[in-house]
Structures are given as structure tokens and as C-alpha cells.
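Below: the structure, in C-alpha cells.
Please treat every number below as a calculation from the coordinates, not as lab data. Values in this document were obtained by computation on a predicted structure and should not be read as measured data. FYI the Cβ positions are ideal-geometry reconstructions off the backbone, even for glycines, and counts take in every protein chain you see.
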Amino acid sequence: MAAAQPPTIPLLTPYKLGKFDLSHRIVLAPLTRQRSFGNVPQPHAILYYSQRTTEGGLLIAEATGISDTAQGYPETPGIWTKEQVEAWKPIVDAVHLKGGIFFCQIWHVGRVSNSGFQPNGQAPISSTDKPLTPQKRANGIDVAQFTPPRRLRTDEIPGIINDFRLAARNAVEAGFDGVEIHGAHGYLIDQFLKDQVNDRTDKYGGSLENRCRFALEVVEAVVNEIGADKVGIRLSPFAAYMESGDSDPNALGLHLVQSLNKYGILYCHMVEPRMKQVGEISQTFDSLQPMRKAFNGTFIVAGGYTREDGNKAVAENHADLVAYGRWFLANPDLPKRFELNAPLNKYNRDTFYIPDPVVGYTDYPFLETAN
Ligand SMILES: Cc1cc2nc3c(=O)[nH]c(=O)nc-3n(C[C@H](O)[C@H](O)[C@H](O)COP(=O)(O)O)c2cc1C
């Protein structure tokens, strides 16, 4: 008699992501770690990313600035200079050596910045000139101060789109398999998308179509530069981080995915409605399902997922892939732990954003060495 087959774990089934053969569906979510001194990725990131690499696993790199106006946090990486591109190469190589697939999340913070991060101490740029109120930093103690932004003129917008295009080209030059355009969490693209922020009266503001124009022009430029099979986008229509809520997130999300279908991009990565605020899960009746159904490409979900509800999302076809942030941060061997249903290391919020090249970064234990 044949031995009973162990039950299939949906998250651990293979998936074909365009030309990439994934061996499982557990994705490393983009995680800012603020350890890229002077905006240059550092050698300690080689170990960090390679620890989280599996053969046939998809990793999304931390948010990476597209230009010298894109930064709003200390020590975040960029990809607009030759030095930055060269510094990414050994990190990407290490992921490839272990058989991983690695996308770079390309990012502009817009008004989530202050003049201290800007060239010549200028004001941050945005869709608007509405200032952000000071916000508590991740440690819950410090308060981030923002400089009132300068509203981009209509004729300046093609230049910013071009910065996204060049960053995508640089990412491919650095060896990345593709890019994820950061259209989520209240940063520049989201500042155009959301009606709580966007108060423009030109063709980039007002109607839903107009508010989506900037995002779609960025997508088009990046697709034309590196090919749709290498392009994903992250969106968070329901989130209200950094005062970027929308009065009709369902309509916004649906319009976006329907418009994205035109470009045939590889994937859409959506943040769950339950993640309305950073790091907090709230009750909601909203769902990503209408967007999942309307989008033709691969659909990745993120936000508060456990092993159990990630498996359920895949089993019920609510998503193709599930991205894990905090659990993957604290468990470099997360896919293995999910396979064995092993206990997880707890994450320590206090070390999420410290500059230490080891502590809270590469010192979370693997299963074999956990005690
Ligand atoms: C330390 C930290 C850094 C993050 N950095 C980014 C980022 O660079 N880009 C991004 O899109 N989301 C970022 N996020 C959000 C995560 O990608 C993810 O969506 C969020 O943590 C919810 O998923 P989780 O419940 O699995 O952690 C960050 C979250 C954390 C905790």
C-alpha cells in the first residue's frame, strides 16, 4: 500500500510568474531598513538578502530612491548614481547565486520629506503644496518634521517620470530581474492618486482618470524602457498613511487595475484594506477581490498575513502570491518554517530602523540554530 501523501501546503506550491519559475508563493515584502549609509547599499545587505533567499523564491528589495529629491528617511538606498548601481551588484549576485528572483522597489517619497533631505535645502516636491502634519516615527517617540512641499508644475512632471524610467534601467543594469514601482503608502505616486492629497486643477488632478494619469505614465515609461515582463507595481488604495486617504478606494483600485491591464505588466501587489494604518490591523468589510478578479496579471497580496490565512488566500484563489514583511524580517528561513509549521522568531520593532549592520538585521536565528 502506498504511504499517505502529506497534505499540500498551498503557499509551498510552485507558480509561474511570467518567465520566472517560482518554487513557492512566499514573497519577501519590501522592507526599509535604513542601513544604506549615504544612500549607498552596503556590503552587509549581501548577507541580509541572501539569508532570505530560497531557490525559486521572489524577493522585493527595500524602497530605493530614484533621484536626489526622492529621499525622506536617513540611510535609505538609491539607484540613480553609478556608485549606487555598482553597490547593488554584489547584493543582487548573492541572491541569484542561491536561485532567488530579485525585484527592486523604485521610490519617490514626494512630500514625506523635509528640506534636510533635499538638494540645496529646497522644499520637497509633491502633487500638492498642502503640508503634512508632524508624525510619530516608528519608534513611537521621535516626531518626524516635514517641510511644506512645493507643488510640481505640469511641465516638470515628465522629468520625474523620466527619473523613474532611468531608475528602472539602472536596476536592470545592477542585475535585478525587474522593478516594483512604489505606488503605495502615501508617497509621491499615491499623492497623485488620492483625493485627500491631490488638489490639482491640471490634467493630473480632479477626476479619477486624471489622478491616475501620473501613475500610469510612470508605468508606461518603465514598461517601454525595460519591458512589461519585468514590471510590477505596489498599490494601497485603502491605506491612509501620511494623510493620503481616498474617498472611494474601491473605485480607485478597480480603475487602476483595469488601466494597468493595457500595459500587460507582470504583477500587481496590493496592500490589504485591513492595513489602514502602519503596522496596525483594523476590522474592515472591504476586500481586494474585485481588483484581483479584474486584473489580468499576477496578483500579490500583503498585510498582516500569517501562515494560516496566507494558505487560505492561495487555496481560495484570492491571490497568486503572498508577501510577508515583519515575519520574514525576523525569520530568514520563513518558507522552511512554514513548510514544517515550525514556531516563528518574534520581531523586534526597536531594531527595524537602527543603523546597526548586524543587530536586528542579520542576527535573527535560523531554525537549526534557534534554541
Ligand atoms: C520595517 C518595515 C519597513 C517597511 N518598508 C517598506 C518599504 O520600503 N516599501 C513598502 O512598500 N512597504 C514597506 N513596509 C510595509 C511592508 O512591506 C508590509 O506591507 C507591511 O509590513 C505589512 O505586512 P506584514 O504584516 O507582513 O508585516 C515596511 C514595513 C516594515 C515593518
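Quick notes on this one:
- Sparsely packed loop sites in the stretch 275-371 (the GluC sites (Glu not before Pro) outside DSSP H, G, I, E and B with at most 15 other Cβ atoms within 10 Å) comprise 316.
- Euclidean distance of C-alpha centroids, the stretch 82-97 and the stretch 1-45, integer Å: 18
- Qualifying trypsin sites (Lys or Arg not before Pro) in the stretch 1-90, DSSP loop, other Cβ atoms within 10 Å at most 14: 19
- Backbone HN-Hα couplings from phi across the stretch 220-234 [Karplus 6.51/-1.76/1.60, Hz, Gly and Pro as x]: 4, 5, 5, 4, 5, 7, 10, x, 4, 6, 10, 10, x, 9, 10
- Cα-Cα over 30 Å, subset of 82/346; 16/312; 136/194: 82/346
- Around the Cα centre of the stretch 226-277, unit charges on the Cβ atoms of Lys, Arg, Asp and Glu (plus for the first two, minus for the last two) sum to a dipole of about 160 debye.
- Its Cα centre serving as origin, the chain has a Cβ charge dipole (Lys and Arg +1, Asp and Glu -1) of approximately 280 debye.
- Expected-Rg normalisation [2.2 N^0.38 Å, Cα atoms] applied to the stretch 1-154: 1.32
- Under-5 Å amide H pairs with residue 150, H placed in peptide plane, nonlocal only: 125, 126
- Residue (of 66, 22, 121) at the positive-pole extreme of the stretch 1-123, dipole from beta-carbon charges: 22
- Calculated FRET value between residue 247 and residue 153, using beta carbons and R₀ = 22 Å, to 0.05: 0.25
- Acute angle (nearest 10 degrees) that the helix 157-174 long axis makes with the longest principal axis of the chain, alpha-carbon atoms: 30
- Using θ = phi - 60° and Karplus 6.51 cos²θ - 1.76 cosθ + 1.60, couplings along the stretch 357-364 (whole Hz; Gly, Pro as x): x, 10, 5, x, 10, 10, 9, 6
- Based on Cα contacts under 8 Å between residues 6+ apart, the stretch 8-134 shows a relative contact order of 25 percent.
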